[in-house]
Amino acid sequence: MAPYCVLAARLRRALNSGIRRYHVAPALCQRAKVAMSHFEPNEHINYEKLEKNISIVRKRLDRPLTLSEKIVYGHLDDPAKQEIERGKTYLRLRPDRVAMQDATAQMAMLQFISSGLPKVAVPSTIHCDHLIEAQSGGENDLRRAKDINKEVYNFLATAGAKYGVGFWKPGSGIIHQIILENYSYPGVMLIGTDSHTPNGGGLGGICIGVGGADAVDVMAGIPWELKCPKVIGVKLTGKLSGWSSPKDVILKVAGILTVKGGTGAIIEYHGPGVDSISCTGMATICNMGAEIGATTSIFPYNDRMKKYLGKTGRADIAALADEFKQHLVPDSGCHYDQVIEINLSELKPHINGPFTPDLAHPVSDIGAVAEKEGWPVDIRVGLIGSCTNSSYEDMGRSAAVAKQALAHGLKCKSKFTITPGSEQIRATIERDGYAKILRDVGGLVLANACGPCIGQWDRKDIKKGEKNTIVTSYNRNFTGRNDANPETHAFVTSPEIVTALSIAGTLKFNPETDYLTGADGKKFKLEAPDADELPKMAFDPGQDTYQYPPKDGSGQRVDVSPTSQRLQLLEPFDKWDGKDLEDMLILIKVKGKCTTDHISAAGPWLKFRGHLDNISNNLLIGAINIENGKANSVRNALTQEFGPVPDTARYYKKMGVKWAVVGDENYGEGSSREHAALEPRHLGGRVIITKSFARIHETNLKKQGLLPLTFADPADYNKIHPVDKLSIVGLADFAPGKPLKCIIKHPNGSQETIMLNHTFNESQIEWFQAGSALNRMKELQQKSS
């Protein structure tokens, strides 16, 4: 098929350019259409529209374009009239598709049901990966999850069938690996209800993590809004070798930019060093870009991507991408807002942590640093896999390390787990012997799911509160994220380094220089691992785990029991009453880091992601109260008693009292979970005031009718005390770019005024006034009908 695609594309391009007048047979044009995926044969890649939009924008801007700009602006709803200014204007975009993981899909689909629309407007999929708890091993854990989560899986499967959404059953694999294998392609714009959606940038796509309400907009056929991102260029020179891996690139970048350095920007990798990185390695780098707050990350289309597309059965897409390659790479001379340069030939293996993914250390230094800081150096568990590092190449490099240890009679001193990224990866590493090697060295192969990476880990080897160290090839290591133990010191690194450290059992081991002692008493040194980036034979697809949506799902029933503890139909939030928000109590003034894990914990709470009232019982239970330095302990201003945060919020709601939250820097970093916005809204919150916000969380708050505001002067954070009352005045004149006034009333009767900034545009102000973005959508539907 590829030659026909190429020929027809060339002929059409010649026609469009006016070179000559060819007649292209309709049959040839029809054959030239390339499906976006094997699962949607009637949905085709539209590079012609991308090309047309880029041409319009290029003439308007009259300058070279970055790759990010080409794909983003190539998806503008109105490229001729859209105002474009990096970091300033809001773009109205038309993404190609939507992907949702099961924990966030519940609320997204409940919101879509509330919209009253009969079917999704763009190709969409649901992926069951978040609700499988790691306990005893893949098969047993999967069987248990299917039983425990039967109600939720049935809801998602039937909702998918009714509304035209593809459904990947539990056991299929992690959403981002499935997307890379089947749905991402050069030039695609995909939004996903998971913060690590940027993984798809490893195949040259603009893939962005969002909240469920954003996904509903796209599925409803409404233009999606995104603040025009800045573009940070990372120029790669040299070549990876030895123990250095793609993971070390993003660990290094995280150390440079920190957890908020990429906020509002796309990270665009370029330069001669790019070609030394495999496609799945590029995906690893893009995936963890979420940890620096980036909107997304991307690599230019190249032969490594072409090779991966061919091996995953998409040579026709590669052939078409070759024809349009000029639009899938940056223009020469394009401008980046910031440039970072990394020489891959000099890059050393890194390990980041604990408690934050931007605390970067060379592996050679971590042992000494840990001893100096009092971090446990003995490693209790090593964990490889996750959406960040579970490719065939990752498993092969880890197996290469394990094989050397086995040859010398050694096994892992630490406990060791392996999470395959997908059913295809699991089946292929079983066939090719990697899984056996990893089991032989002491590993436990878990289900094709997120597992411990998101806190789905029934950990038994320690007690809660016990100080310990784990090393993972995951992406996040916030306090308590993996096992709900605040004393677990989690470090993130590459899978091969995790494997080596698990064999040695200590952070003080540097595989580049240190020796191990074999079973025979002889010392030996591990050689740098080498493995194929792709299998020599075709991938083994394993079990068929995909459910196609029927052509007509209108007759499909979707049941939500009114007595269910897992699912709950949504009620509309109340509209703004047209008045200023006066005398709000402060639920909590947060001290320090406050991620979405702190605001809405995962782990055991994941089972309530489809039931807003039940999951609201975890509101801000991980946040530290500045008044007493404790988590989940706040003063009730009406009773003067201290109690849990959710209970206090519910009391205020019952008494009809509005409340606010005061936060620190980069509030809401981490996961895309919109529950961190839904919960405060559900329990009566109206305003969140911080020094700064993470991008996704700020948007989620706006979508649910809350006011995310920032201090015009960050020092004003210190003027507010937990016992104060706050009033936001001037809402009758709420307008884009116009600061709002906040009056602080102190208990002694004195008061002071500070100014608060916001990033609302006109349509987002309408969300606030309507009570939520979903309410506003319904208003517009009623007007149009």
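Listing for the model above:
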| read-out | value |
| --- | --- |
| Residue that is most open to solvent (accessible area, probe 1.4 Å) [pool: residues in the stretch 550-575 that are in a loop (DSSP other than H, G, I, E, B) and closer than 30 Å to E766 by Cα] | E571 |
| Selection count, the stretch 99-114, where residues are of a type in the set (V, I, T), out of contact with any Lys or Arg (no Cβ under 8 Å at 6 or more places or on another chain) and open to solvent by less than 10 Å² (accessible area, probe 1.4 Å) | 0 |
| Test for H682: is it closer than 19 Å to L774 by Cα and at pLDDT 95 or above | yes |
| Cross-chain or 6+ apart pairs with Cβ under 6 Å, the stretch 333-348 first and under 16 Å from L251 (Cα atoms), then part of a loop (DSSP other than H, G, I, E, B) | N343/G238; L344/G238; L344/K239; L344/L240; S345/G238; S345/K239; L347/S244 |
| Qualifying residue in the stretch 503-515 (condition: in contact with an Asp or Glu (Cβ under 7 Å, 6 or more places away or on another chain) and not β-branched (V, I, T)) | yes |
| Residues of the stretch 97-142 that turn out to be assigned to a helix (DSSP H, G or I) and among the β-branched types (V, I, T), as a count | 2 |
| Strands (runs of 3 or more DSSP E) enclosed by the stretch 376-451 - at least 1 residues per element that are open to solvent by less than 10 Å² (accessible area, probe 1.4 Å) | 379-384, 415-418 |
| Long-range neighbours under 8 Å by Cβ, at least six apart or interchain, first residue within 16 Å of T296 (Cβ to Cβ) within the stretch 260-283, second open to solvent by 30 Å² or more (accessible area, probe 1.4 Å) and in a helix (DSSP H, G or I) | T263/R695; G264/R695; M282/R304 |
| Residue within the stretch 141-160 that is polar (S, T, N, Q), touching a residue at least 40 places away in the same chain (Cβ under 8 Å) and touching a Ser or Thr at 6+ places or on another chain (Cβ under 8 Å) present | no |
| Every residue from the stretch 627-657 that is in a helix (DSSP H, G or I) and touching a residue at least 40 places away in the same chain (Cβ under 8 Å) | V645, T648, A649, Y652 |
| Filter result for the condition that a residue is touching a strand residue (DSSP E or B) at 6+ places or on another chain (Cβ under 6 Å) and free of Cβ contacts under 8 Å to residues at least 24 places away in the same chain, over V445, V369 | V369 |
| Subset of the stretch 537-549 [touching a residue at least 24 places away in the same chain (Cβ under 8 Å) and either of a type in the set (D, E) or not in a loop (DSSP other than H, G, I, E, B) (or both)] | D540, Y546, Q547 |
| Breaking point among (1) of a type in the set (D, E); (2) open to solvent by less than 30 Å² (accessible area, probe 1.4 Å); (3) within 28 Å of R58 (Cα to Cα), for D322 | (2) |
| The one condition in (1) at pLDDT 95 or above; (2) polar (S, T, N, Q); (3) part of a helix (DSSP H, G or I) that Q82 fails to fulfil | (3) |
| Residue under evaluation A283, criteria (1) farther than 24 Å from E323 by Cβ; (2) open to solvent by less than 10 Å² (accessible area, probe 1.4 Å), criterion not met | (1) |
| Selection from the stretch 579-594 of residues that are assigned to a strand (DSSP E or B) and either among the hydrophobic types (A, V, I, L, M, F, W, C) or at pLDDT below 95 (or both) | L581, M584, L585, I586, L587, I588, V590 |
| Some residue of the stretch 584-592 being surrounded by fewer than 19 Cβ atoms within 10 Å (Cβ to Cβ), farther than 30 Å from Y183 by Cβ and among the charged types (D, E, K, R) | yes |
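Conditions (1) out of contact with any helix residue (DSSP H, G or I) (no Cβ under 8 Å at 6 or more places or on another chain); (2) open to solvent by 10 Å² or more (accessible area, probe 1.4 Å); (3) closer than 19 Å to L347 by Cα; (4) part of a strand (DSSP E or B), marked per residue:
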{"position": "L240", "(1), (2), (3), (4)": "no, yes, yes, no"}
{"position": "D248", "(1), (2), (3), (4)": "yes, no, yes, no"}
{"position": "V253", "(1), (2), (3), (4)": "no, no, yes, no"}
{"position": "M288", "(1), (2), (3), (4)": "no, no, yes, no"}
{"position": "M305", "(1), (2), (3), (4)": "no, no, no, no"}
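The values are calculated or read from the model by the stated rules, or taken from the named source; none is laboratory data. Computed from a predicted model, the values in this text were never measured in an experiment. Here the Cβ is made from the backbone with ideal geometry for all residues, glycine too, and neighbour counts use every protein chain on show. The protein model used for the area step is the full one, side chains on, heavy atoms only, and it has no ligands, DNA or RNA in it. Shrake-Rupley method; radii C 1.70, N 1.55, O 1.52, S 1.80 Å.
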